[in-house]
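**Student:** Okay, handing you the structure first.
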Amino acid sequence: MTAPLFPPISMLAELTHRCPLQCPYCSNPVELMKANSELDTKTWLDLFRQAADLGVLQVHLSGGEPTLRRDLEELVDGLAMRGVYTNLITAGVLIPPGRIHALAEAGLDHVQLSIQGAHADTTELIGHYRGAYEQKLETARRVRAAGLPLTVNAPIHRHNIEQVPEFIELALALGAERLEIANVQYSGWALVNRDALMPDREAVDRQVEIVTAAQERLRGIMNIDFVTPDYFATYPKPCMGGWARDAFVVVPDGTVLPCHAAQTIRSLSFARFGEHSLGDIWANSSAFNAFRGTDWMQEPCRSCERREIDWGGCRCQAMAIAGDAAATDPACIKSPIHARMAMLIEDAQTAAREHKGDEFVYRRITHAREPV
Ligand code: SF4
Ligand code: FES
């Protein structure tokens, strides 16, 4: 049975891969795109118009660092005019005074600010950027002064997992409406740095207790979203809410993807906006149809009662660990290679004890891909 085709609701627009920070867990691909590959203003506006016509209700403006695009106000305005909800995902450094206010004036609805550590030294170490922490706090103040709602995004790994209580206090002090405690997902640069980032099991267990108690304590004051670590899971998450179900990603050169890491599945080929309309790509492209619905599933997913809850988990994780994008996500306890996750955790702990793997491979544009 062919999967029913629903309109997309949400879009992640990676406007640029340029970024002042160099976080070793960045979800961008290891082969970054240079500025000269980026779509121009007119093409992004056309793409946003088609997205709104298709049914997209919210656009996450991301990167890299989206505020490096000088036309960001114009892009926000184009979306706001069509009634699309806009969320700016920013690292919060190098943003000149007045810019957040100008974006609010253009119609921006929400800001999500990433903070790498609850202390300045951790933030500087992870982002590889001196003075980042103070700049981020200033950005948070400007967001609130502009009357915009704020989400603090805290990507969690071995080097800051013990700072979770302080992240909660920091987000409250900054007036955030939402805090995302987001354990790093091992794709992109995080996969390269897995041994250096993997927390140990006891720290993960402590974190679960702390976050659960804080969610209860702060009910009605601040929402805390908890993105749990896949490698320690019993069942996987429904990555992207299911492949090509209601969301998609556009990368800086206009290539349209079902998820941010889809290009790691080398057997798929991806269409680019401009050569095809967005509606055509969403409905007909082979990459979007490869894992839509449940027909593609193998056992144990095929006959599992959770197959329309988690949609088999993450295709890119299946590719990275099982070597087969159509396999059950190894994060699932029913996967025949689920035990490999525990081995990978153990390998990372061994590397940490022997001080191997503690050197980050920082995200650098020198790994950049030339325009095609
Ligand atoms: Fe989800 Fe597949 Fe595991 Fe069932 S077997 S829980 S569908 S990943
Ligand atoms: Fe690609 Fe999960 S990141 S499906």
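**Student:** Charges at C-beta only: +1 for Lys and Arg, -1 for Asp and Glu. How large is the resulting dipole of the chain about its Cα centre, in Debye rounded to 20? Write down the numbers at each step before the final one.
**Tutor:** Working: 36 positive and 47 negative charges, 46 e Å.
For the chain, the charge dipole is close to 220 debye.
**Student:** Moving to a separate point now. Can you give the calculated 222 nm mean residue ellipticity of the chain, where each DSSP H run of n ≥ 4 adds -39,500 (n - 2.57) and the sum is split over every residue, rounded to the nearest 500 deg cm²/dmol? Walk me through the numbers on the way to the answer.
**Tutor:** Working: 12 runs with 117 residues, N = 372.
Rounded to the nearest 500, it is -9000 deg cm²/dmol.
**Student:** Looking at the chain, do any whole DSSP H helices span at least 15 angstrom along their long axis by alpha carbon and average -1.0 or above on Kyte-Doolittle, and which? The partial results should precede the final answer.
**Tutor:** Values: long enough: 41-54 (20 Å, -0.24); 132-145 (20 Å, -1.18); 201-217 (24 Å, -0.75); 339-353 (21 Å, 0.06).
Correct list, ordered by number: 41-54, 201-217, 339-353.
**Student:** Say the dipole of segment 160-305 comes from +1 at the beta carbon of Lys and Arg and -1 at that of Asp and Glu; which of Trp296, Ala213, Asn193 then lies farthest toward its positive end?
**Tutor:** Trp296
**Student:** Nothing charged except the Cβ atoms of Lys and Arg (+1) and of Asp and Glu (-1): what's the magnitude of the dipole of segment 55-115 about its Cα centre? Round to the nearest 20 debye.
**Tutor:** On the way: 4 positive and 7 negative charges, 20 e Å.
Dipole about the Cα centre, nearest 20: 100 debye.
**Student:** Rounded to the nearest 0.05, what FRET efficiency do Glu275 and Ile9 give with R0 = 30 Å and r taken as the Cβ-Cβ distance? Could you check? Could you put the intermediate results ahead of the total?
**Tutor:** Values: r = 24 Å, r/R0 = 0.81.
With R0 = 30 Å, the Cβ-Cβ based efficiency is 0.80.
**Student:** Rg and Dmax of segment 265-362, Cα atoms, in Å?
**Tutor:** Taking only Cα atoms of segment 265-362, I get Rg and Dmax of 17.4, 52 Å.
**Student:** Efficiency by 1/(1 + (r/R0)^6): what FRET value for Arg340 and Glu134, r their Cβ-Cβ distance, R0 = 45 Å, to the nearest 0.05? Each step should come with its number before you reach the end.
**Tutor:** Values: r = 42 Å, r/R0 = 0.93.
Once the sixth-power term is evaluated, E becomes 0.60.
**Student:** Dipole of segment 115-200, Cα-centred, from +1 at each Lys and Arg C-beta and -1 at each Asp and Glu C-beta, to the nearest 20 debye? Display every interim value, and only then the final one.
**Tutor:** Numbers: 8 positive and 11 negative charges, 69 e Å.
Using Cβ point charges on Lys, Arg, Asp and Glu, segment 115-200 gives about 320 debye.
**Student:** Right, another one. First select every other residue whose beta carbon is under 13 angstrom from the beta carbon of Arg130; then total the charges, Lys and Arg +1, Asp and Glu -1. Before the final figure, lay out the partial values.
**Tutor:** On the way: positive: Lys136; negative: Asp121, Glu124, Glu134.
Overall, the nearby charge balance is -2.
**Student:** How about segment 130-239: which trypsin sites (Lys or Arg not before Pro) there lie in a loop by DSSP and see at most 14 other Cβ atoms within 10 Å?
**Tutor:** Values: sites: Arg130, Lys136, Arg141, Arg142, Arg144, Arg158, Arg178, Arg194, Arg201, Arg206, Arg217, Arg219; in loops: Arg130, Arg158, Arg219.
In loop regions of segment 130-239 (DSSP not H, G, I, E or B), the sparsely surrounded trypsin sites (Lys or Arg not before Pro) are Arg130, Arg219.
**Student:** Next up: Subtract the Cα-Cα distance of Thr350 and Arg178 from 0.36 nm times their separation in residues, and report this length gain in nm to one decimal.
**Tutor:** Extra length available between Thr350 and Arg178 comes to 58.4 nm.
**Student:** Then there's this: Once you treat every alpha carbon in segment 185-225 as an equal point and sum by Debye, what is log10 I(q)/I(0) at q = 0.22, 0.31, 0.33, 0.34 Å⁻¹?
**Tutor:** Values returned for q = 0.22, 0.31, 0.33, 0.34 Å⁻¹ are -0.76, -0.93, -0.99, -1.02.
**Student:** Right, another one. In whole angstrom, how long is each semi-axis of the equivalent ellipsoid of segment 75-156, when you take the square root of 5 times every eigenvalue of its Cα gyration tensor and sort them from largest down? Write down the numbers at each step before the final one.
**Tutor:** Details: eigenvalues 126, 30, 19 Å².
Computed over segment 75-156, the values are 25, 12, 10 Å.
**Student:** Just the accessible area per residue of the chain, please: how many Å² with a 1.4 Å probe? Before the final figure, lay out the partial values.
**Tutor:** Working: 16030 Å² over 372 residues.
Per residue, the chain has an accessible area of 43 Å².
**Student:** Right, another one. Kindly state, as a whole number, the per residue volume in cubic angstrom of the convex hull around the alpha carbon atoms of the chain.
**Tutor:** Numbers: hull volume 50.4 nm³, N = 372.
Cα convex hull per residue, to the nearest whole number: 136 Å³.
The values are calculated or read from the model by the stated rules, or taken from the named source; none is laboratory data. Only a predicted model underlies this, so the values are computations on that prediction, with no experimental measurement involved. Every residue, glycine as well, gets a Cβ built from its backbone with ideal geometry; the counts of neighbours run over all protein chains shown. What goes into the accessible areas is simple: the full protein's heavy atoms, side chains included, and nothing from ligands, DNA or RNA. Shrake-Rupley method; radii C 1.70, N 1.55, O 1.52, S 1.80 Å.
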